[in-house]
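Nothing in this text is a laboratory measurement; each read-out follows from the coordinates by a stated rule. Bear in mind that the values here come from a model prediction, so they are computed numbers and not experimental data. FYI the Cβ positions are ideal-geometry reconstructions off the backbone, even for glycines, and counts take in every protein chain you see.
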Amino acid sequence: MRLGLVIDLDVCVGCHACAVACKQWNTSGTTAPLTDYQPYGAEPSGVWFNRIRHYEVGEYPNSKTINFPMSCMHCEDAACVTVCPTGASYKRAEDGIVLVDQDKCMGCNLCSWACPYGARELDRESGTMKKCTLCIDRIYDQNLPIEDRQPVCVMVCPAHARMFGDLDDPDSAVSLTVREREGYQLMPELGYKPTNQYLPPRKAKPIPTENMGKPGFKERLKSLANKIVKR
Amino acid sequence: MHPAFSVIFFTVSSGAGFGLFALLYLADVLKLGGGLSGEQVAATGAMALCFIIAGLLSSVAHLANPKNAWRAFSRFRTSWLSREGVFSVAFFPFAFGYLVLSWFAAPSLEVARLAVGGAATLLAWITIFSTGMIYASLKTIRQWNTPLVPANYLAMGHASGALMLLAVAAWAGLALLPFASIAASFLILGALLKAIYYFWIAEPGASASIQTATGFTRAQVKLLDTGHTHGTFLTEEFGFQVARRYALALKVFVFVAGFILPLVMLGSVAGQPSLLLGSLITGLALLGLVAERWLFFAEARHVVNLYHGSQRC
């Protein structure tokens with residue numbers, strides 16, 4: 001099993017709800033807390049597992065805004081685990097989730113140096129490295145209804161831009177979507193084989209708004225009103 | 001990369017200590033300049049150990065959670081940081097054995113003395129190499145992911161160690177020509193390797209770009225918003241950038257203080273032995289090496305900066 005996320009860049013609206021929900025769940029989760037520094041001060045900062053950036057692709061006016069959520073990719077060849085000197089960072093054999101054992105981490109930062117995706121953040125208060133757990137304390141929780149056993153970022157997304165599943169199983173919903181939508185990995189040239197996949201924006205034809213044919217009764221009434229009312 | 005002083009001090013100090021120890025052993029075996037006495041070998045070796053221990057303590061100060069530092073010996077099979085820790089600790093019993101046997105200078109134990117000294121020297125070399133490999137093994141930082149990095153660490157450690165050994169030889173009243181020649185050789189080697197390194201990292205080559213980072217390879221990509229109000233761990237740790245003009249001035253300082261002035265001054269030490277002058281050269285070279293190490297961190301650009309708007313790293 002190789003659990004991971006599939007992120008649909010076509011429909012992500014960049015609302016940051018996934019990041020906020022992640023922060024809310026995980027600040028009392030297995031690697032809690034996600035310490036904040038000066039949360040109400042002049043320079044608010046703190047530990048987050050999920051960050052959303054915004055890019056412009058192409059040149060105006062032929063450009064498109066892309067909202068880009070990023071969290072741990074749970075790489076198959078996770079360099080952060082290889083470089084860890086204490087054994088605090090590990091990759092679970094059963095589902096491929098990469099975790100940090102908070103009791104073993106010595107806070108040397110080397111794993112964050114090895115990660116190209118910026119998925120790991122040091123908590124200054126605890127002195128340990130923290131990262132996305134893929135909500136391991138939700139997805140296996142037998143007390144939750146089965147539909148709730150997924151990462152909280154996936155549950156909260158109002159645009160359904162996030163999917164969670166087993167990317168090892170070629171017939172899983174996530175694998176099917178990745179195949180159909182030509183999902184891709186970030187920075188594949190580094191060879192870490194990230195599990196998370198990104199779905200590119202679809203090439204949708206623009207919906208025509210001009211020359212829509214003969215106007216109906218409602219349209220005629222509207223245009224009449226527009227003539228009467230001086231704006 | 002953020003240049004942390006604890007790591008800069010650690011790599012310079014322990015590099016010089018290991019370099020001094022290795023060269024001390026070679027000088028002792030070959031009886032360079034007439035040969036140091038047993039007590040002199042022990043005293044010089046103890047000085048090398050002081051530099052190494054000071055460096056290692058400084059590296060522990062870099063940790064955010066030092067109470068777990070002992071666990072760093074456990075992942076010897078995969079992690080270069082773990083290997084460095086294991087080798088540096090394994091070095092100590094052999095080094096102590098060599099110093100104690102040198103101090104007491106029992107002729108019947110001469111073979112054992114040279115054997116443990118040889119083992120310690122080998123471990124010193126492997127430790128410096130491991131230090132370099134911690135950085136060189138990171139594919140995320142183009143400026144570090146090159147064999148020039150461990151080569152540089154070895155050359156710099158030996159250059160500073162050779163200068164210290166020269167000061168020791170001046171103090172012991174030995175013939176200085178062989179010691180000055182060794183120091184000059186390592187200074188020239190270090191300067192050449194560093195020059196190649198600076199030349200090499202100036203060109204980005206086939207590196208990751210904002211296009212491969214985001215996957216939008218068919219058009220230009222521009223950052224609109226990073227999504228955070230103030231800084232994050234990522235901007236603190238990886239966002240550091242040094243102005244090009246400032247970096248150039250520092251490189252000039254590295255070459256002048258670290259290599260050129262020590263080389264020029266070597267001649268006068270060889271002609272007129274003086275512990276003071278020898279120490280002065282060593283201090284100057286170490287200052288140059290601190291600047292070199294600071295630049296090594298400051299000029300390294302981590303690929304995560306691509307997600308924060310850099311077009312190329």
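Here are some notes:
- Most mobile of A:Lys91, A:Lys203, A:Lys193 in a GNM of chain A (Cα contacts under 10 Å): A:Lys203
- Using equal-weight Cα scatterers in the Debye expression, the normalised intensity of region B:5-306 in log10 at q = 0.09, 0.11, 0.12, 0.15 Å⁻¹ is -0.50, -0.71, -0.82, -1.18.
- Choice from B:Trp200, B:Trp294, B:Trp125 with maximal GNM fluctuation in chain B (Cα, 10 Å cutoff): B:Trp200
- By the count of other C-beta atoms within 10 Å, a proxy for reagent exposure, B:His62, A:His74 are ordered fewest to most as B:His62, A:His74.
- Averaged over A:48-57, number of beta-carbon atoms from partner chains that fall within 10 Å: 6
- Prolate/oblate/rounded label for region B:1-43 (Cα gyration tensor, a/c 1.5): prolate
- Shape of region A:3-199, Cα gyration tensor, a/c cut at 1.5: rounded
- Here's the picture: charge each Lys and Arg Cβ at +1 and each Asp and Glu Cβ at -1 in chain B, and of B:Trp125, B:Thr44, B:Leu176 the one pushed furthest to the positive end of that dipole is B:Trp125.
- The alpha carbon gyration tensor of region A:144-231 gives principal lengths a ≥ b ≥ c with a/c of 1.5 or higher and a/b greater than b/c, which makes the shape prolate.
- At least 30 Å along the helix axis (C-alpha) and Kyte average at least 1.0, DSSP helices within chain B: B:5-30, B:38-61, B:80-104, B:110-136, B:148-172, B:177-202, B:275-298
- For region B:226-313, the Cβ-based charge dipole about the Cα centre amounts to some 260 debye (Lys, Arg positive; Asp, Glu negative; other atoms uncharged).
- Local electrostatic count, A:Gly213, Cβ distance below 14 Å [Lys/Arg +1, Asp/Glu -1]: +1
- For B:Ala208, the shell of other residues with beta-carbons less than 9 Å away shows a net charge of +1, using +1 for Lys and Arg and -1 for Asp and Glu.
- Taking the average, over residues, of other Cβ atoms within 10 Å as the packing measure, peptides B:130-139, B:7-16 rank B:7-16, B:130-139 from highest down.
- In straight-distance terms, cross-link reach from B:Lys251 covers every one of the lysines whose alpha-carbon lies under 21 Å from its own, apart from those fewer than eight places away in the same chain; here that gives B:Lys194.
- Relative contact order of chain B, taken over Cα pairs closer than 8 Å and 6 or more residues apart, is 25 percent.
- Length-normalised contact order of region A:3-199 in % [C-alpha pairs under 8 Å, at least 6 apart]: 29 percent
- Of the Cα atoms belonging to the protein assembly as shown, the radius of gyration and Dmax stand at 29.3, 118 Å.
- Area projected by the alpha carbon convex hull of region B:1-97, averaged over all directions, nm²: 7.6 nm²
- Considering helices alone, the calculated mean residue ellipticity of the protein assembly as shown at 222 nm is -15500 deg cm²/dmol, with DSSP H runs of length four and up weighted by -39500 (n - 2.57) and normalised per residue.
- Mean Cβ count within 10 Å, highest first, over the residues of peptides A:76-86, B:67-77, A:136-146: A:76-86, B:67-77, A:136-146
- Basic side chains Lys and Arg get +1 at the Cβ, acidic Asp and Glu get -1 at the Cβ, and with that the dipole of chain A about its Cα centre reaches some 1560 debye.
- Taking Cβ atoms as reference points and 11 Å as the exclusive limit, the residues near A:Tyr37 contribute a net charge of -4, counting Lys and Arg as +1 and Asp and Glu as -1.
- Each of B:Val221, B:Phe255, B:Val89 was placed along the dipole of chain B (beta-carbon charges, centred on the mean Cα), and the one lying farthest toward the positive end is B:Val221.
- Calculated FRET value between A:Glu43 and B:Phe253, using beta carbons and R₀ = 25 Å, to 0.05: 0.15
- R0 of 60 Å, Cβ-Cβ distance B:Phe199-A:His160: FRET efficiency to nearest 0.05: 0.70
- Given A:Lys23/A:Lys193; A:Lys23/A:Lys104; A:Lys64/A:Lys193; A:Lys23/B:Lys67; A:Lys64/A:Lys222, the pairs whose alpha carbons are separated by over 30 Å: A:Lys64/A:Lys222
- In this Cβ point-charge picture (+1 for Lys and Arg, -1 for Asp and Glu), chain B has a dipole of about 800 debye about its Cα centre.
- Sites matching trypsin sites (Lys or Arg not before Pro) across region B:171-249 that sit in DSSP coil, with at most 15 neighbouring C-beta atoms within 10 Å: B:Arg218
- Within 10 Å of the Cβ of each residue in A:68-75, the mean number of Cβ atoms contributed by other protein chains is 2.
- Most positive-pole-ward Cα, A:Cys18, A:Ser112, A:Tyr37, against dipole of chain A from beta carbon charges: A:Cys18
- Average partner coverage of A:115-124, which counts Cβ from other chains inside 10 Å: 6
- Under the simplified labelling scheme, the B:Lys222-B:Thr78 pair shows an inter-label distance of 4.2 nm, with each label point 7 Å from Cα along Cα→Cβ.
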